[in-house]
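Before any comments, here is the structure.
What follows is calculated from the coordinates using simple rules that are stated; it is not laboratory data. From a predicted model like this one, the values you see are computed outputs, not experimental measurements. Counting neighbours? That spans all protein chains shown, and the Cβs are built from the backbone with ideal geometry, glycine included.
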Amino acid sequence: MATDAMAPVGTAATPKIRSELLQQRARAARWFLVPMLIALAIVAGWPLMRSIWFSFTDATLNDLYGAEWIGIGNYLRWQVLESGTVRYRGVLADPDWWNAVWNTVRFAFWSVLWETVLGMIVALVLNAEFRGRGIVRAAILIPWAIPTIVSARMWGWMLNDQFGIINDLGMKLGLLSAPVAWTASADTAMTAVLIVDIWKTTPFMALLILAGLQMIPKDIYEAAEIDGVHPVKQFFRITLPLVRPALMVAIIFRVLDALRIFDLIYVLTPNSRSTKTMSVLAQENLFQFNNFAEGSTQSTLLFLLIAIFTILYIWIGKVNFEGGDR
Amino acid sequence: MKMNLMLAGLLTSVTLVGGAAQAAELSIVSGDTGNGLAFLRSQLDRFEAETGHTVTVVPMPSSTTDQFGQYRLWLAAGNTDIDVYQTDVIWAPQLADQFLDLTEAAADIVDDHFPSIIESQTADGKLVALPAFTDAPALYYRTDLLEKHGKSVPATWTELEATAKEIMDAERAEGNSEIWGFVFQGNAYEGLTCDALEWVMSNGGGQIVEADGTISINNEQAAAAIDRAAGWVGTIAPEGVLAYMEEESRGVWQLGNAVFMRNWPYAYALSNGDDSAVKGKFDVAPLPAGDGEGARSAATLGGWNVAVSKYSPDPEAAIELAKFLASEEVQKERAIQQSNLPTIPSLYEDADVLAASPFMANWKAIFEQAVPRPSAPTKTNYNEVSSLFWSAVHDTLSGNGSAAENLEILEADLQDLKGDAW
């Protein structure tokens with residue numbers, strides 16, 4: 001029954017007859033798209049191309065326009081020593097870079113996982129009918145509406161080891177024996193970042209999933225109830241498969257966001273190896289150090305990584321869709 | 001291209017000639033902490049009244065690292081919105097290209113200032129910025145607690161460690177559960193470079209990169225100094241000190257929750273404010289010395305300066321403002337209200353200044369032997385050098401490897417960065 005209902009969701013009807021009128025409309029549509037494409041090319045395309053170009057040069061911020069082409073040296077260069085040992089240099093051979101990649105991936109994995117699970121629970125609750133649902137739905141969005149810098153500062157104070165409310169509560173409830181320096185200690189810094197990020201973005205996840213939940217026709221559940229299907233089975237056999245398209249989109253949005261995380265980590269934690277992500281490292285090289293070219297290289301690699309991930313995700317996601325459709 | 005430049009130059013000079021006599025609208029950036037912004041505003045109001053120009057203050061984050069990133073970006077983009085920048089003492093060699101040469105404009109006043117400060121702001125014969133105040137940190141100590149427990153002011157780090165521990169334990173036994181022995185700046189940022197340079201230098205471990213460009217940091221005395229500091233975290237200092245900058249440590253101190261604090265002189269006036277729990281209960285002394293060969297008390301040279309952007313649409317008025325902020329009268333007010341150290345020697349004997357900040361009488365001597373950070377020998381690489389250094393120290397403080405291990409890696413990293421020459 002559930003599989004029958006899925007068929008119309010996955011496939012969209014494509015018009016086979018290309019009438020004169022349709023062609024005309026397509027032409028008009030193209031004209032309407034032109035301003036948007038130009039705007040995108042200026043604000044996204046041009047800076048992107050320039051960053052990529054800088055990554056192949058020896059640019060520094062003191063002399064941006066005197067940058068000269070040096071090939072792939074910023075990515076990887078090697079030098080054969082007299083003894084025959086090969087010495088690798090460049091971002092791809094830099095342990096700091098791989099440490100940042102690992103931090104970013106770890107952060108993205110855990111934050112998105114928790115946000116998906118919690119977001120699903122929140123969405124299911126909000127999907128139920130109860131009094132004051134509208135107000136609750138609006139209220140739950142507040143963490144998402146607060147600018148990240150502000151919430152990072154706010155949590156920074158809440159997690160502070162001397163004045164923070166979290167340590168205070170933990171001590172009073174007897175959960176902590178001594179105040180913990182959440183953001184300072186290398187062991188807890190990443191956890192602190194994860195907590196704040198999950199707090200902030202779960203509402204976003206919940207909202208997207210909720211939209212998916214509301215698309216599911218009510219009569220399926222009615223039919224399942226008549227057949228005596230257990231609610232847990234209903235969730236795994238009806239809700240989850242039907243909300244999957246929305247869930248996939250929500251997850252990809254979040255992963256893209258998580259992979260370029262910068263502001264939260266920059267504001268909340270000390271600038272140490274245990275939390276430094278790709279964006280933080282790139283920013284440091286671009287603006288703090290005299291390594292504009294290296295920073296551009298790192299930005300370009302970050303861009304490539306995100307692009308590859310997105311393509312893979314869509315590709316693998318699609319394969320699964322078709323498998324489900326039989 | 002040349003044609004365009006000439007045209008631009010021509011236009012600018014026309015505007016200059018036309019605009020010289022008129023009132024200008026200027027902007028100055030400031031990352032001042034405490035009540036520094038209010039003080040700056042009060043001085044700017046005077047400037048406005050005297051000259052007829054208007055000045056807007058653009059507030060910035062207090063971390064010097066954050067400020068530098070932003071200024072770097074603005075200057076690289078040729079931003080014309082900011083006319084006057086407040087610059088850290090270490091920035092001159094890195095930003096020299098983007099600021100106007102003030103040699104000529106300041107020819108009449110440079111001799112009033114300490115020659116070493118003027119020298120620190122000169123890069124390749126170009127006077128990049130005018131000094132607004134100088135900085136050399138102090139050991140803040142609680143006179144009431146030291147007296148109560150019959151202790152004297154520590155002259156070495158070993159003494160500080162013992163005194164801090166003893167007073168902290170005794171106070172905690174009496175129910176003062178929030179008291180700590182010592183707070184400093186342990187976050188991974190420029191401030192940690194300052195703190196750690198003092199530990200290393202005071203222990204006879206050199207100054208990271210010596211004036212001639214030699215990398216000297218990997219030595220036993222330096223490692224011992226950093227290991228000793230690592231032992232403070234979680235014992236006499238709260239573990240959170242690893243995320244503290246100046247203001248966080250002042251927060252703990254000013255609530256009366258620390259026996260000792262390492263901080264810059266700006267905290268003196270604030271700690272004596274009416275809302276301060278330590279008002280009248282503290283004093284300052286030079287930082288302790290280490291032990292071993294060549295040990296002495298060492299203070300990192302700090303200080304802030306004012307520089308004029310090359311892209312300022314109204315450079316003459318901007319230079320006027322910079323000169324005003326570096327002037328003797330503003331420096332005097334600054335010394336009285338903000339307890340910032342003046343860069344003009346005669347002010348250290350000024351009766352009004354000494355009445356407000358009695359410690360300044362001793363500070364001239366401390367300032368005169370302050371240790372500069374290696375910004376001059378490492379040139380445009382300074383920020384990266386500093387970042388590598390503070391990362392190695394922060395790693396050691398957080399228990400991530402011993403100082404000897406981290407300094408060995410640091411030395412190799414610095415060598416890579418240096419290449420054939422800085």
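The phi-based Karplus calculation (6.51 cos²θ - 1.76 cosθ + 1.60; θ = phi - 60°) puts the 3J(HN,Hα) values of region B:163-179 at 4, 4, 5, 5, 5, 4, 5, 5, 5, 5, 5, 7, x, 7, 6, 9, 6 Hz, whole numbers, x for Gly and Pro. Per-residue extension of 0.36 nm, minus the Cα-Cα distance of residue A:219 and residue A:233, leaves a gain of 3.4 nm for this segment.
Overall form of region A:84-242: oblate. Here a/c, set by the Cα gyration tensor axes a ≥ b ≥ c, is 1.5 or more, and a/b is not larger than b/c. Each residue of region A:234-239 is assigned a 3J(HN,Hα), and the resulting list reads 4, 5, 6, 9, 10, 4 Hz, derived from the Karplus form 6.51 cos²θ - 1.76 cosθ + 1.60 (θ = phi - 60°), x at Gly and Pro. Put simply, the amide H of residue B:341, placed in the peptide plane, has neighbours under 5 Å in B:134, leaving out anything fewer than 5 places away on its chain. Once backbone amide H atoms are built at 1.01 Å from N, residue B:127 has B:102, B:103 as its partners under 5 Å, excluding neighbours fewer than 5 places away on the same chain.
Summarising the amide proton neighbourhood of residue A:77: residues at separation of 5 or more, or on other chains, whose placed amide H is nearer than 5 Å comprise A:89, A:90.
Are there any helices in chain A, counted as whole DSSP H runs, that stretch 20 Å or more along their axis by Cα and score at least 0.0 on average by Kyte-Doolittle, and if so which?
Details: long enough: A:20-40 (30 Å, 0.62); A:95-127 (47 Å, 0.82); A:186-215 (44 Å, 1.28); A:240-259 (27 Å, 1.75); A:292-325 (49 Å, 0.93).
Answer set is A:20-40, A:95-127, A:186-215, A:240-259, A:292-325.
Sequentially through region B:326-338, phi angles give Karplus couplings (6.51, -1.76, 1.60; θ = phi - 60°) of 9, 5, 4, 5, 5, 4, 5, 4, 4, 5, 6, 7, 10 Hz, Gly and Pro residues having no value and appearing as x. Between residue B:57 and residue A:77, the FRET efficiency from the beta-carbon distance, with R0 = 30 Å, is close to 0.05.
Beyond 24 Å between alpha-carbons counts as too far, so tell me which of B:364/B:418; A:200/A:276; A:276/B:310; B:332/B:364; A:172/A:200; B:126/B:323 fall in that bin. Each step should come with its number before you reach the end.
Values: B:364/B:418 34 Å; A:200/A:276 20 Å; A:276/B:310 34 Å; B:332/B:364 15 Å; A:172/A:200 26 Å; B:126/B:323 16 Å.
Check vs 24 Å cut-off fails for B:364/B:418; A:276/B:310; A:172/A:200.
Summary value for chain B: 24 percent relative contact order, contacts being C-alpha pairs under 8 angstrom separated by 6+ residues.
Per-residue ellipticity at 222 nm for the protein assembly as shown, helices alone: DSSP H runs ≥ 4 residues times -39500 (n - 2.57), over residue total, nearest 500 deg cm²/dmol?
-17000 deg cm²/dmol
For the protein assembly as shown, just say rounded, prolate or oblate: build the C-alpha gyration tensor, square-root its eigenvalues into a ≥ b ≥ c, call rounded for a/c under 1.5, and beyond that prolate if a/b exceeds b/c, oblate if not. Mind dumping the intermediate values first?
Values: a/c = 1.89, a/b = 1.44, b/c = 1.31.
Taking the square roots of the gyration eigenvalues as a ≥ b ≥ c, the protein assembly as shown is prolate.
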